[in-house]
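Below is one structure, written out as structure tokens; comments come after it.
The values are calculated or read from the model by the stated rules, or taken from the named source; none is laboratory data. All values reported here derive from a predicted model rather than from experimental measurement. Note that each Cβ is placed from the backbone with ideal geometry, even for glycine, and that neighbours are counted across all protein chains shown.
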Amino acid sequence: MKELDIEQVKKHIIEAPIGQYIGEDGAQILAEKACCELSLKDSEYLFRQGELENSFYIVTQGRLGLVKERKKDKSPYVLHVLEQGDLVGELSFIDDTPHATSCMALGDATVLRFKGEDIRPLITEEPILMFNFMRAVIKRVHHTISNIGQQQLALSDYISTGGKGRL
């Protein structure tokens, strides 16, 4: 962990998809609440499936994979790749449930960490900011569900044509 440069953190937030929802003022407030920057080495886990954690993260460098372990050999299977600007861990942060997947670095990566005890007071102190944060999270969930639906349809078409269709 290293000491944070608030202006650099603000820049990361503004450049992330969440930035379009919370604006420059919101980015400043969140930047001041960022707890730390974590550096991950290749294949290092940020968190594991089933862990209950009180933080969410923004990817600032590199890529992370949301992974499940294969039953046979426990090797990680990448379900989704997160890149610079992506939020991770925000759903478990919001609904206080254990992580549904594990998250590991795909190469060296860096994330900003936001702890619940630092962010939750913003619900009453900055309700518009938190509303806009929630809008950004919901937009991401809608986008992910839409992508999954498109992938399922493509796979179904591929299977129904006996593999002659495009996947």
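Structure summary
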{"quantity": "Some residue of region 9-30 being touching a helix residue (DSSP H, G or I) at 6+ places or on another chain (Cβ under 9 Å), more than 20 Å from GLY116 (Cβ to Cβ) and of a type in the set (Val, Ile, Thr)", "calculated": "yes"}
{"quantity": "Single unsatisfied condition, VAL59 versus (1) surrounded by 21 or more Cβ atoms within 10 Å (Cβ to Cβ); (2) more than 23 Å from ILE128 (Cβ to Cβ); (3) modelled with pLDDT under 95", "calculated": "(3)"}
{"quantity": "Hits in region 64-123 - residues which are more than 17 Å from TYR45 (Cβ to Cβ), under 14 Å from the mean Cα position of the chain (by Cα) and among the small types (Gly, Ala, Ser)", "calculated": "GLY85"}
{"quantity": "Hits in region 130-167 - residues which are over 18 Å from HIS80 (Cβ atoms) and among the polar types (S, T, N, Q)", "calculated": "ASN132, SER156, SER160, THR161"}
{"quantity": "Test: residue in region 115-133 that is basic (Lys, Arg), touching a strand residue (DSSP E or B) at 6+ places or on another chain (Cβ under 7 Å) and assigned to a loop (DSSP other than H, G, I, E, B)", "calculated": "no"}
{"quantity": "Selection count, region 66-105, where residues are surrounded by 14 or more Cβ atoms within 10 Å (Cβ to Cβ), assigned to a loop (DSSP other than H, G, I, E, B) and of a type in the set (Asp, Glu)", "calculated": "1"}
{"quantity": "Residue selected from region 46-98 under the condition among the hydrophobic types (A, V, I, L, M, F, W, C) and without any contact (Cβ under 8 Å) to a residue 24 or more places away in the chain, by the criterion farthest from ARG140 (Cα to Cα)", "calculated": "LEU79"}
{"quantity": "Residues (surrounded by 12 or more Cβ atoms within 10 Å (Cβ to Cβ) and modelled with pLDDT of 90 or more) located in region 44-53", "calculated": "GLU44, TYR45, LEU46, PHE47, ARG48, GLN49, GLU51"}
